[in-house]
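The structure appears right after this line, and notes come after that.
The values are calculated or read from the model by the stated rules, or taken from the named source; none is laboratory data. A quick note: this is a predicted structure, and the numbers were derived from the prediction, not measured. Positions of Cβ are backbone-derived with ideal geometry, glycine not excepted, and every protein chain shown enters the neighbour counts.
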Amino acid sequence: MFISVLDLFKIGVGPSSSHTMGPMVAARDFRSRCAAYIAAHQDNQPYHVRCTLKGSLAFTGKGHATDRAVILGLNNFTPQELASEDVNQLIEVLSQRTAIMFDDTTSMLFSPTDDVVFDKGEPLPEHPNGMIFQLMNAVGKTVLTETYFSIGGGFITTLADIKQVVAPIKVESAQSCGYPFENANQMMRMSAQSGLSIAAMKRSNEQERVNSAQLDAGLDAIWHAMRTCIQKGLAAEGILPGGLKVKRRAKALYHQLQENTQKASMNDWLCAYAMAVNEENAAGHMVVTAPTNGAAGVIPAVIYYAVQHEGATPEQVREFLLVAAAIGGLIKHNSSISGAEVGCQGEVGSASAMAAAGLCAIKGGTTAQIENAAEIALEHHLGMTCDPVGSLVQVPCIERNGFGAIKAYTAASLAIRGDGQHFMSLDNCIAAMKQTGLEMSVKFKETSLGGLAVSITEC
């Protein structure tokens, strides 16, 4: 099994990897299919495009900016290129248009208000995050259609490919890399047999696809984006969009800590850094999927603390990201990182496990201790629901990232003081997360139909 660190950590925009970034990628892909179809037929009739959102995308898509993502994707934008753009201003312009332009002479009709349909009926059976795109001719007949699924972390798949996806990645051949571990037990066994650390094995696998310089440049770009996101979040203030009137708090918290560092605890700093990221995410600004947008603050916060307070080096940051990606890949392969599939245990829980493993590694942990750190962090997120208030990635998501970072640091500290021997394996914990997600009510899986989402009293 192989999933690249450069794919798992993707630079994009908030507020959601599965509900914003994934639909944007899908819409852009369908745009290219429409362009090819219209160019091939050249009959000059007015074609019309529509997107129907299903399942969790329908229930929480408004709060997660899924409609905006579809508009942007159909207009040929990618999450990566929007990271430095004023998306709100861009949406204002695009929302006034009634057609998608391919060139000066070719277009298809599209009403941003009417042609993104939130269908709250039965979800598609294959996955809770489904999208049906249609291209229709002048008499309303569908001439081209595709069904996409946003499967977490900004990844998408089609209806034709969904059966080749294993929660939720396409399985590559075991010969696709030198150390093709598919679970934590294999990872530890390969490490023992080869004498290589997890980071070294992961680096070796990556370098079968890119050279060392390209890999390091990619890792450095990921960390630069994470660091920039923290710093912007620590400098910003005001009310977050969406209607809940949630106030940004990271800047004020950070200033309090700076004014009295003697009374500032590790927990305080971690919360400030993590909340800064997720306030940026909630505002629709640049973040890195780590492994999702909803959990984007955990890993950056732990790395930033290690760099700012403990003197972690650039090389250690790369090692951290490689180890975190190795653990994230195992979770993604054997369970899920999608809140719509397994609840927030798959988002913040996965991020915390990845951060714990990365931190343990740069503190000199053995392979067994790193596996233990990941297990401890994940274990203490089992059963966590995804129940965002108002369908927005704000309450409880912003604070929850701070606590995920704290649990990650605690898990790494516990593991590094042990010998790596422990009762519950990471593989068993991942299996438990998957089963818990399967048995969890849909109300608690990013639909805003239960839990905190329905526990507020409107005045």
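Please give the helices (runs of 4 or more DSSP H) falling wholly within segment 178-237 in which 2 or more residues are without any contact (Cβ under 8 Å) to a residue 60 or more places away in the chain and within 22 Å of T289 (Cβ to Cβ). I'd like the intermediate steps shown before the answer.
Working: elements: 184-194, 198-206, 212-235.
Filter on segment 178-237 gives 212-235.
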Handout entry: Checklist (1) within 17 Å of the chain's Cα centre (by Cα); (2) modelled with pLDDT of 95 or more applied to A217, failing item
Key = (1)
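So which of L74, L57, L53 ends up being buried (at least 19 other Cβ atoms within 10 Å of the Cβ), over 22 Å from G121 (Cα atoms) and in contact with a strand residue (DSSP E or B) (Cβ under 7 Å, 6 or more places away or on another chain)? Full working, then the answer.
Numbers: L57 fails: over 22 Å from G121 (Cα atoms); L53 fails: over 22 Å from G121 (Cα atoms).
Step by step, each of L74, L57, L53 is checked, and only L74 is buried (at least 19 other Cβ atoms within 10 Å of the Cβ), over 22 Å from G121 (Cα atoms) and in contact with a strand residue (DSSP E or B) (Cβ under 7 Å, 6 or more places away or on another chain).
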Handout entry: Neighbours by Cβ (under 7 Å, 6+ apart or cross-chain): first from segment 247-276, in contact (Cβ under 8 Å) with a residue 60 or more places away in the chain; second not in a helix (DSSP H, G or I)
Key = A274/G297; M275/R249; M275/G297
Exercise for the section: Check T292 against each of (1) surrounded by 20 or more Cβ atoms within 10 Å (Cβ to Cβ); (2) in a helix (DSSP H, G or I); (3) among the β-branched types (V, I, T) and name the one condition it does not meet. Expected result: (2)
Handout entry: Qualifying residues in segment 413-438 (those that are without any contact (Cβ under 8 Å) to a residue 24 or more places away in the chain and part of a loop (DSSP other than H, G, I, E, B)) - the one nearest to A272 (Cα to Cα)
Key = R417
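Tell me whether segment 115-127 contains one or more residues that are within 29 Å of N44 (Cα to Cα), touching a residue at least 40 places away in the same chain (Cβ under 8 Å) and either part of a loop (DSSP other than H, G, I, E, B) or of a type in the set (K, R) (or both). Break it down stepwise before answering.
Pass one, segment 115-127, residues within 29 Å of N44 (Cα to Cα): 115-117.
Narrowing further to those that are touching a residue at least 40 places away in the same chain (Cβ under 8 Å): 115-117.
In the following step, the residues that additionally are either part of a loop (DSSP other than H, G, I, E, B) or of a type in the set (K, R) (or both) were identified as 115.
Yes, segment 115-127 contains a residue that is within 29 Å of N44 (Cα to Cα), touching a residue at least 40 places away in the same chain (Cβ under 8 Å) and either part of a loop (DSSP other than H, G, I, E, B) or of a type in the set (K, R) (or both).
Can you tell me which of V307, V277, V287, V302 is outside any helix (DSSP H, G or I) and either over 30 Å from N183 (Cβ atoms) or β-branched (V, I, T) (or both)?
Numbers: V307 fails: outside any helix (DSSP H, G or I); V277 fails: outside any helix (DSSP H, G or I); V302 fails: outside any helix (DSSP H, G or I).
The conditions single out V287.
Return the residues of segment 364-390 that are assigned to a helix (DSSP H, G or I) and among the β-branched types (V, I, T); say none if nothing qualifies.
Answer for segment 364-390, where residues must be assigned to a helix (DSSP H, G or I) and among the β-branched types (V, I, T): T367, I370, I376, V389.
Would a scan of segment 399-412 turn up a residue that is assigned by TED's automatic domain parsing to the domain that holds Q186, farther than 15 Å from E341 by Cβ and in a loop (DSSP other than H, G, I, E, B)? Steps first, please.
Initial filter on segment 399-412 (assigned by TED's automatic domain parsing to the domain that holds Q186): 399-412.
Okay, now just the ones that are also farther than 15 Å from E341 by Cβ, so 399-412.
From what's left, in a loop (DSSP other than H, G, I, E, B): none.
No - not one qualifying residue is present in segment 399-412.
Looking at V287, is it under 14 Å from the mean Cα position of the chain (by Cα) and either buried (at least 24 other Cβ atoms within 10 Å of the Cβ) or of a type in the set (A, V, I, L, M) (or both)?
Details: under 14 Å from the mean Cα position of the chain (by Cα): yes; either buried (at least 24 other Cβ atoms within 10 Å of the Cβ) or of a type in the set (A, V, I, L, M) (or both): yes.
It is true that V287 is under 14 Å from the mean Cα position of the chain (by Cα) and either buried (at least 24 other Cβ atoms within 10 Å of the Cβ) or of a type in the set (A, V, I, L, M) (or both).
Yes/no matrix, rows are residues, columns are (1) within 18 Å of the chain's Cα centre (by Cα); (2) under 25 Å from G63 (Cα atoms); (3) surrounded by fewer than 24 Cβ atoms within 10 Å (Cβ to Cβ):
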residue	(1), (2), (3)
Q345	yes, yes, no
I370	no, no, no
H380	no, no, yes
V389	no, yes, yes
I398	yes, yes, no
I406	no, no, yes
H422	no, no, yes
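With C360, C344 as the choices, which residue is touching a residue at least 24 places away in the same chain (Cβ under 8 Å) and closer than 30 Å to G130 by Cβ? I'd like the intermediate steps shown before the answer.
Values: C360 fails: closer than 30 Å to G130 by Cβ.
Unique residue meeting the criteria: C344.
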Practice task
Search segment 139-158 for residues being in a loop (DSSP other than H, G, I, E, B) and modelled with pLDDT of 95 or more, and hand back the single one that is surrounded by the fewest Cβ atoms within 10 Å (Cβ to Cβ).
Solution key: V139
Practice task
Would you check which residues across segment 81-114 are surrounded by 15 or more Cβ atoms within 10 Å (Cβ to Cβ), over 21 Å from A39 (Cβ atoms) and not hydrophobic (A, V, I, L, M, F, W, C) and list them?
Solution key: P112
